[in-house]
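Visitor: So that we are looking at the same thing, I have put the structure below in structure tokens.
All of the numbers you see were taken from the coordinates with simple rules; none came from a lab. Owing to the predicted nature of the structure, the values given are computational and were not obtained by experimental measurement. Quick reminder, even Gly has a Cβ in these numbers, built from the backbone with ideal geometry, and neighbours come from all protein chains shown.
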Ligand code: C5P
């Protein structure tokens, strides 16, 4: 079984407050994009789970979310079936695009078929939630979704199912730790440090962005994109600011960091425009540049 495991962008990410379980309540809007990893699942005669990958950056043991997904499914359903998982990586690791979470969701959905479990989407989303906050979004196989709680309570935005957008993505080669960025957010919040060097407040919300997206209005979209963590990540990793400045120089005044970073994306009007920008950005500062579309 060969499956595509797609990446996501957060077009809106507002951190609301810290929860007793040390996670944070969010209001977010996810977009699925066509940048993807390939996952190959092969049934085994015994009950072992193995994981191989072409990437040196992801683990091949139970610390890999995809491995954990298979293990969880096996345990919860007391199964005697095993699987060989192979992951061919293209989504940059630790980039804010949910690659590991997407791989876990794809394994849950793939094994549901391969092991003939017939579990419902809701059941799979419940397992997904146990693996990580970003995993449930990918279970719904939707282009756009609104999410709250830890970012794991998903409402697919069916009204946007026909809307497609082009983006240019720039990924500086730095490793950003998500827990560290949330910890910095906590410290800034406690010290009430706002603007420029600290926290930013939204002037928009998910509803306004959804409406702008439904109208394909790139100007309105650019005014409603928001990420509470962007300024926090920039203060720890100034390279993210460099990417945004470079994009602005190329005419992309509006860009946003996805998740806790470091990926920065912009909306572009067409594939042609994106290709031209791609040429201008390539080979700059060893950044990775991708041209992607809504999936
Ligand atoms: O769920 P996941 O393992 O992807 O989250 C990684 C880390 O990001 C968590 O351990 C937590 O520190 C932080 N996080 C958070 N609130 C969220 C999602 C993630 O604090 N809603």
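Visitor: In what sequence do 140, 194, 6 fall when counting other Cβ within 10 Å, fewest first? Numbers along the way, then the final one.
Guide: Working: 140 19, 194 13, 6 23.
In increasing order of surrounding Cβ atoms, one gets 194, 140, 6.
Visitor: How would 241, 271 line up from fewest to most surrounding beta-carbon atoms within 10 angstrom?
Guide: Listing 241, 271 from fewest to most nearby Cβ atoms yields 271, 241.
Visitor: Over the chain, calculate the relative contact order: mean separation of alpha carbon pairs under 8 Å at least 6 apart, over the residue count, as a percent.
Guide: Details: 605 pairs, mean separation 64.9, N = 295.
Once divided by the residue count of the chain, the mean separation gives 22 percent.
Visitor: Taking neighbour counts of Cβ atoms within 10 Å as a proxy for exposure, in what order, fewest first, do 221, 168 appear? Could the numbers behind the result be given before it?
Guide: Values: 221 20, 168 25.
Lowest count first: 221, 168.
Visitor: Ok, one more. Averaged across orientations, what area in nm² does the convex hull of the alpha carbons in the stretch 141-240 project? Mind showing how you got there, number by number?
Guide: Working: hull surface 30.9 nm².
It is 7.7 nm².
Visitor: Viscosity 0.890 mPa s, temperature 25 °C: Stokes-Einstein D of the stretch 39-117 from its Kirkwood Cα radius, in µm² per second? Provide the component values of the computation, followed by the final result.
Guide: Numbers: Rh = 12.6 Å.
So the translational diffusion coefficient is about 195 µm²/s.
Visitor: Before anything else, pin down the relative contact order of the stretch 136-250: Cα pairs under 8 Å, at least 6 apart, normalised by residue count, whole percent.
Guide: On the way: 92 pairs, mean separation 24.1, N = 115.
Reported relative contact order: 21 percent.
Visitor: Rounded to the nearest 500, what is the chain's calculated 222 nm mean residue ellipticity when only DSSP H runs of at least 4 contribute -39500 (n - 2.57) each, over all residues? Let's see the in-between values first.
Guide: Numbers: 10 runs with 102 residues, N = 295.
Helix contribution divided over all residues of the chain: -10000 deg cm²/dmol.
Visitor: Something else now. Taking a quarter of the surface of the Cα convex hull of the chain, what do you get in nm²? Before the final figure, lay out each step's value.
Guide: On the way: hull surface 60.3 nm².
Quarter of the Cα hull surface area: 15.1 nm².
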